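For reference, the structure is listed below as structure tokens.
FYI, it's all coordinate maths here, none of it is from the lab. Keep in mind the model is a prediction, meaning the values are calculated, not measured. For neighbour counting, all protein chains shown are included, and Cβ atoms are generated from backbone atoms with ideal geometry for every residue, glycine included.
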Amino acid sequence: MNGSQVHPAGGDGKRRPAPSRFGAIVVGGGPAGLAATYTLAGAGVDVACLERGDWCGSKNMMGGLIFSQPTAKVFPNFWHEAPLERHVTRRDMWLATGDSAMKVSFESTDFGAEPYNSFTVYRSRFDKWLSRRAAEAGAWMIPETLVESLLWEDGRVVGVRTGRPGGDLEADVVIIAEGVNHFLAEAAGLAAGPPKAETMALAVKEVLALPRDRIEDRFDLDRGAGAAIEIIGETTGGLPGTGFIYTNRDTISVGVGVLLDSLVGSTREAYSLLDNFKQQPQVRRLIQGAGLREYSAHLIPEGGYRYMPRLFGDGVLVAGDAAGMVNAINSEGANLALLSGQMAAQTVLSCREEGRFDAAALGRYRTMLENSLVLKDLRKYSSATNFLSSHQHLFGLYPELLASLAREFLTVDNMSKADKERLLARLFRSQVPVRSLIKDFYQAWRDLK
Amino acid sequence: MRINSVVCIKQVPDTTQVRIDPDSGSLIRQGIPSVINPYDLYALEAALKVRDSHGGTITALSMGPPQADEALRKVLGYGIDRAVLLSDRAFAGADTLATTYTLSAAIRKIAGELIAAGGAGVDMVFCGKQSIDGDTGQVGPGLARRLDLSQVTYVCSLLEVAAETRTVRAWRQREDGRELLEARLPVAVTITEACNPIRYAALPDLLRAAKAPVEVWSAADLEVEPDRLGLKGSPTRVSKVFAPPARERGETLSGPDRPPNEIAAALFDKLAERGLTIGGSRG
């Protein structure tokens, strides 16, 4: 009888007993937690990653893009193996009204070649792949396990308690990457309380099925290439937020994201915003005949820099959405999560050399983030969410105005061009007094520059 | 006495999400997530309970494509001793005849290894009552036949394993009631959902499972004749697949416009018409 094989998938194939005390415990198997776990395991640290979902990615509904270069910093050349939907070669921005849309489109063949720029993914598959990589690197991946509280000793975090029998785990350091509802960050005394509505956006998304070649025809794409469309204007019922359409392999993700407290303050329901968005004529044309596959909704922490919790304490670090690391202006979250997770791991590695995991030692995490694009970008847009919620009229007024100017300008009728220009100027001033136009632009420049 | 068990595990498409192709009548399996056959988890819990009180080992055994190791990895998390996946192109397309042939060869090999390690071989084989994708319920009895085991199918309550007399007592579900059976070890039992649901796995077991290997055996690892494996060894042919007609709804006698005694009388008449009343008469 010849030698039978042993399946290494899901583990590094080395039967190793779990240590009585781990080098690190990572709470949460999303992009932040998996980047931290993978980096630590790769460096030979005994690390356990606890995920409450059935598998890593099962709770993730992100419908957006992953950006190639930040992801490759943690997982080099991931595009050779990772389950990806399409590489995005075209980014569109639409200003939409109820019946019209002004479209700005950028397309580049650069984006269609290595290292690419961004991909559409199903996070449920992509994160599963990341978790397999972490397991192969030697991590203990423990799904279906909820961390209920932290273990403390002399005022410092020394592990976690799960709901399972025999469910306490000790570690030198706990990396909290639990996602937007940061219960543990709060329990660790790092976040002041539960996330506040004014710092949150709610995204509602549908996945619609359409055959691969019809997506390529309809969106005017090369084979395998994808498009990402962001839409401002009537799509969100005048509320601050955007609509989005992303092409996957044989599905389309369609959704809207709005600031939570403006939604609460309005009479609208989130699903009705999405229904409206799908009825917008230019959107409807793209999704026509596509059957509903999934419906989901999720909170996004868009408060930005000012609302971030403390990022470190004695024996504990926070990364990703739990730390509020989302750049709402550029719709970036997953790459900040990946990078922060990686930096949390690098912090732990350098602290291990000194054998110290108190707040003073772990504080270098903050410095590392400040020197990276993670906090540089978040600081740059630190007033963005405030600006958006205090300038709600921009989401209705300006798209409407631009559309009516364009319509007048492009409508060929019996008016002379000189008269037409005068009409346009009058139309413009009647909608927006010059003073408030200057004010809006000044504030936008100040807060978003 | 320690009891060594083998639990058969099948990875199946999650039939709650499977749709039926209206033209061909076959299952659309594409893109459907895989789950562990739910009855197999009742079987696993029954095996764990036996090990709790008697000690011994539990080996989980599955046959399927390489990705079925996912199901076994999950099962390892319940603290079992060993997981073996039979995976080979030669096994593909097997009906229950070829499946039981292959599984029984693997169980013989497992038993041989247990004996070589100083144990008593395999005492109990646990299966779910049936799989939710095939629904035949033939694999458990087939294994019993091929391995010359006694068998108790449709167990709704496994009462006790008496190590001294080497017997088990179990309640068996029948269409018209339950029967209490006693069977001699080694025995094959098939377990229904009336038994205990699977326990909440302990964290130390999950940690161990995260690093435990799933052993993969191919046809070459078993003492088998190639012609009796997979599609080649499967005489079953599907002649027709169809969705069963919807079951007719029963008749409902209800108020509120009719008083309860009138409804009861009407019910009595209907039962009497069918000869279902025992003694007595109306009024």
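Could you work out [θ]222 nm for chain A from helices alone, using -39500 (n - 2.57) per DSSP H run of at least four and dividing by all its residues? Round to the nearest 500 deg cm²/dmol.
Per the formula, -10500 deg cm²/dmol.
For peptide B:196-202, compute the average count of partner chain beta-carbon atoms within 10 Å of each residue's beta-carbon.
2
Report the convex hull volume per residue for segment A:133-180, counting only C-alpha atoms, in Å³.
Taking only Cα atoms, segment A:133-180 has a hull volume of 109 Å³ per residue.
Restricting the count to DSSP beta bridges whose residues both fall in chain A, what percent are antiparallel, rounded to a multiple of 5?
Looking only at bridges with both residues in chain A, the antiparallel portion is about 70 percent.
Place a point 7 Å from Cα of A:K73 in the direction of its Cβ. Which residues in segment A:311-340 have their backbone N less than 12 Å from it?
A:335-340
Collect residues whose amide H, placed 1.01 Å from N in the peptide plane, falls under 5 Å from the amide H of A:N248; neighbours closer than 5 in sequence don't count.
A:S253
Please work out the Cα center distance from segment B:63-116 to segment B:174-202, rounded to the nearest Å.
Segment B:63-116 and segment B:174-202 have Cα centres separated by 21 Å.
Per residue of A:98-104, count partner chain C-beta atoms within 10 Å of its C-beta, then hand back the mean as an integer.
Mean partner-chain Cβ count within 10 Å for A:98-104: 0.
Mind listing P(r) for chain A? All alpha-carbon pairs, 20 Å bins, whole percents.
24, 52, 21, 3, 0
Kindly express, to the nearest 10 degrees and within the range 0 to 90, the angle between helix A:434-448's C-alpha long axis and the longest C-alpha principal axis of chain A.
Helix A:434-448 sits at roughly 20 degrees to that axis.
Please list, ordered by chain and number, the residues whose modelled amide H lies under 5 Å from the amide H of A:A201; skip anything fewer than 5 residues away on the same chain.
When sequence neighbours closer than 5 places are left aside, the close amide H contacts are A:L260, A:I300, A:E302.
Evaluate the Kirkwood expression for the hydrodynamic radius of segment A:184-230, namely the inverse of the mean inverse distance over all pairs of different C-alpha atoms, and round to one decimal in Å.
One over the average 1/r among Cα pairs gives 14.8 Å for segment A:184-230.
If we sort A:336-346, A:317-327, A:196-206, B:193-203 on the protection proxy, mean other Cβ atoms within 10 Å, highest first, what's the order?
Descending mean neighbour count gives A:317-327, A:336-346, A:196-206, B:193-203.
Assuming a viscosity of 0.692 mPa s and a temperature of 37 °C, what translational diffusion coefficient in µm² per second does Stokes-Einstein assign to segment A:205-315, Rh being the Kirkwood radius over Cα pairs?
Translational D for this selection: 212 µm²/s.
Could you give the spread of the C-alpha atoms of chain B along their three principal axes, from largest to smallest, in whole angstroms?
Dimensions of chain B along the principal axes of its Cα atoms: 74, 54, 39 Å.
Taking 60 Å as R0, compute the FRET efficiency from the Cβ-Cβ separation of A:K417 and A:S149 and round it to 0.05.
Calculated transfer efficiency: 0.25.
Which FRET efficiency value, to the nearest 0.05, is calculated for B:L253 and B:Q173 with the Förster distance at 30 angstrom and r the Cβ-Cβ distance?
FRET efficiency, B:L253 to B:Q173: 0.50.
Please give the residues of segment A:59-94, grouped as numeric ranges, whose backbone N is less than 18 Å from a label point set 7 Å along the Cα-to-Cβ vector of A:L437.
Once the point is set 7 Å along Cα→Cβ of A:L437, nothing inside segment A:59-94 turns out to lie under 18 Å by backbone N.
Between A:G304, A:G33, A:G112, where does the largest GNM mean-square fluctuation fall for chain A, given springs only between Cα atoms within less than 10 Å?
Checking each option, the largest mean-square fluctuation is seen for A:G112.
Would you mind working out the magnitude of the charge dipole of segment B:164-283 relative to its Cα centre, with +1 at each Lys and Arg C-beta and -1 at each Asp and Glu C-beta, to the nearest 20 Debye?
60 debye
From the backbone phi of segment A:356-371, what are the Karplus-calculated ³J(HN,Hα) couplings (6.51 cos²θ - 1.76 cosθ + 1.60, θ = phi - 60°) in whole Hz, Gly and Pro given as x?
Values, residue by residue: 10, 10, 7, 4, 4, 6, 6, x, 5, 4, 4, 4, 4, 5, 4, 7 Hz.
Under the Karplus relation 6.51 cos²θ - 1.76 cosθ + 1.60, θ = phi - 60°, what is the ordered set of whole-Hz ³J(HN,Hα) values for segment B:119-126, x standing for Gly and Pro?
Each residue of segment B:119-126 in turn: x, 10, x, 8, 8, 9, 10, 9 Hz.
Which of the listed residues, A:P115, A:F183, A:T199, is farthest toward the dipole's positive end in segment A:70-223, when Lys, Arg count +1 and Asp, Glu count -1 at the beta-carbon?
A:P115
When the Karplus curve 6.51 cos²θ - 1.76 cosθ + 1.60 is applied with θ = phi - 60°, which whole-Hz ³J(HN,Hα) does each residue of segment B:4-20 get, with x for Gly and Pro?
9, 10, 10, 10, 8, 10, 10, 8, 10, x, 5, 5, 5, 10, 7, 10, 9
Just to be sure I understand the model, the point goes 7 Å from the Cα along the line to the Cβ. What's the resulting B:A265 to A:E370 distance in nm?
My value for the distance between the label points is 9.1 nm.
Exactly which GluC sites (Glu not before Pro) in segment A:259-340 are in a DSSP loop and have at most 12 other Cβ atoms within 10 Å?
In loop regions of segment A:259-340 (DSSP not H, G, I, E or B), the sparsely surrounded GluC sites (Glu not before Pro) are A:E269.
Based on the mean of other Cβ atoms within 10 Å per residue, sort peptides A:68-79, B:207-218, B:144-155 so the most packed one is first.
The most tightly packed comes first, giving B:207-218, B:144-155, A:68-79.
What is the calculated FRET efficiency for A:R310 to A:S272, with r their C-beta to C-beta distance and R₀ = 41 Å, to the nearest 0.05?
0.60
Considering just Cα atoms, how many Å³ per residue does the convex hull of segment B:30-139 enclose?
110 Å³
What's the average, rounded to a whole number, of partner chain beta-carbon atoms within 10 Å of each residue's beta-carbon in A:141-151?
Mean inter-chain Cβ contacts per residue within 10 Å come to 2.
List the residues whose amide H sits under 5 Å from the amide H of B:R82, counting only those 5 or more places along or on another chain, with H placed 1.01 Å from N in the peptide plane.
Counting only residues 5 or more places away or on other chains, the set is B:I58, B:A60.
Compare A:D172, A:D217, A:D413 in a GNM of chain A, Cα atoms joined below 10 Å, and give the one with the largest fluctuation.
Most flexible of the set in this elastic network: A:D413.
Select from B:E251, B:E160, B:E175 the residue whose mean-square fluctuation is largest in a Gaussian network model of chain B (Cα-Cα springs shorter than 10 Å).
Result for chain B, Cα springs under 10 Å: B:E251 fluctuates most.
With +1 on the Cβ of every Lys and Arg and -1 on the Cβ of every Asp and Glu, and nothing else charged, how large is the dipole of chain A about its Cα centre, in debye rounded to the nearest 20?
With Lys and Arg at +1 and Asp and Glu at -1, about 600 debye.
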